[in-house]
Amino acid sequence: MKALIYQGPGKKDWVEKEKPELQKPTDVIVKITKTTICGTDLHILKGDVPAVTEGRTLGHEGVGIVEAVGSAVQNFKPGDAVLISCVTSCGKCPNCKRQLYAHCSDGGWILGHLIDGTQAEYVRIPHGDNSLYPIPEGADEEALVMLSDIMPTGLEIGVQSGRVKPGDTIAIVGAGPVGMSVLLTAQFYSPGRIVMIDMDPARLELAAQFGATDTIQVGAEDPVAQIMEMTDGLGVDVAIEAVGVPATFDICQKIVSAGGNIANVGVHGKSVELHIEELWIKNINISMGLVCTNTTPMLLKTLRNGKVDPARLVTHRFALDEILDAYEVFGNAGREKAMKVILAI
Ligand SMILES: NC(=O)c1ccc[n+]([C@@H]2O[C@H](COP(=O)([O-])OP(=O)(O)OC[C@H]3O[C@@H](n4cnc5c(N)ncnc54)[C@H](O)[C@@H]3O)[C@@H](O)[C@H]2O)c1
Ligand SMILES: [Zn+2]
Ligand SMILES: [Zn+2]
């Protein structure tokens, strides 16, 4: 079969590789029908995630058809259409029992990281019963691919950890696929005002179409001054960081109101300066974490009932064997006006 492999910092290739086989009774082999590329794959390619070794198949998102199941798999059989969660979980260990799937003692984020991932014709999914979801009849597969990672990330680590409530004024810093997923899922909770902050005017324009009530362009405008003006000097109820650099965390700590929440979603490679001397008196909460994908069943229901349309995030489509071209487009998202790319069989 063919797979997109990491070959060390800055290097990748679409190569012939052995088709994965069942290794444990709980494994499921899935034939990929649609997958995508995540910002995290770009981080890996830059060499930012040293746990990824050369030859590793990348990708942790996708949908497909069950090809084979191990003897202990109860929920799936060959031919079933499935959604692959970016987080693998046994469902039985102490952390899984608390739905803290990201910290499963025999799983977590391993796909396209510690084991071969989904940017291939076939993938082996450990603990298939708990790590795959049946695809509802007639569902939009492109929309479902957004449920592997970015939608649960936006909802769990941005919206739920940030405790977004009806009427709140919230700010989302970073209008990439993850920030956009925060924007889409925040609307389940009817915040009064949603301010999107980014430096890319095209992304801000898209955010306005997706429900942002206000946008602020970093570089052209001062986000802190603008937010203070908009909120009569109070700041926002919830400030959500969806970039992963010190500058954007800093915006969040400057715009959070008394009694508010800072929800950090971004993956940070450097420490940030925490202004505890100003924040201690404000009765705020700061949260951060890795997506657990415990909200996937809920997101599947919202998708089925038409309460959310994440397929709107898809801007580019390629055949799976054109994946190197897709990386070129996604890796130059600003220039290409790309948000999410779909790779299909
Ligand atoms: N916590 C988790 O479980 C989890 C899961 C998935 C992704 N992530 C992380 O979420 C973050 C966002 O992911 P993404 O795929 O949307 O990334 P992305 O790179 O596509 O988007 C980031 C956006 O931030 C904007 N930006 C960059 N610097 C900025 C600045 N100084 N001020 C304002 N805007 C700025 C960019 O223009 C871009 O639109 C990444 O750090 C990613 O690793 C976290
Ligand atoms: Zn991802
Ligand atoms: Zn577990």
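Any read-out appearing in this document is the output of simple, stated calculations on the displayed coordinates, not a laboratory observation. The model shown is predicted, which means the values in this text are computed figures rather than measured ones. Methodologically, a virtual Cβ is constructed for each residue, glycine included, from the backbone with ideal geometry; neighbour enumeration extends over all protein chains shown.
Which one, 298, 180, 288, has the greatest fluctuation when you compute a Gaussian network model over the chain with C-alpha springs under 10 angstrom?
Highest fluctuation of the listed residues: 298.
Using the per-residue mean of other Cβ atoms lying within 10 Å as a proxy for protection, in what order, highest first, do the peptides 253-261, 334-342 fall?
Going from most to least packed, we get 253-261, 334-342.
Report, ordered by chain and residue number, the aspartates and glutamates lying within cross-link reach of residue 24, taken as a straight Cα distance under 19 Å and ignoring same-chain residues fewer than 8 apart.
67, 106, 116, 129
Would you look at the GNM of the chain, springs on alpha carbons closer than 10 Å, and say which of 132, 100, 183 moves the most?
Highest fluctuation of the listed residues: 100.
Kindly work out what percent of the DSSP beta bridges joining two residues of the chain are antiparallel, to the nearest 5.
The antiparallel fraction comes to roughly 50 percent.
Please work out the Cα center distance from region 82-154 to region 3-60, rounded to the nearest Å.
If you average the Cα positions of each part, the centres end up 14 Å apart.
Please report the Cα spread of the chain along all three principal axes, rounded to whole Å, starting with the longest.
61, 41, 38
Per the Cauchy relation, a quarter of the hull surface: what is the mean projected area of the convex hull of the alpha carbons in region 284-345, in nm²?
7.0
Based on C-alpha coordinates, I'd like the Rg and Dmax of region 152-288, in Å.
Every Cα atom of region 152-288 included, Rg and Dmax give 13.1, 38 Å.
Under 15 Å Cα-Cα from residue 11, which aspartates and glutamates qualify once same-chain neighbours fewer than 8 residues away are excluded?
Qualifying aspartates and glutamates at Cα under 15 Å: 41, 48, 54, 325, 328.
If amide hydrogens are placed 1.01 Å from N in the peptide plane, which non-local residues have theirs closer than 5 Å to the one on residue 240?
So residue 240 has HN proximity to 171, 172, 173, 263.
In terms of Cα to Cα distance under 26 Å, which lysines are near enough to residue 282, apart from those fewer than 8 places away along the same chain?
165, 254, 270
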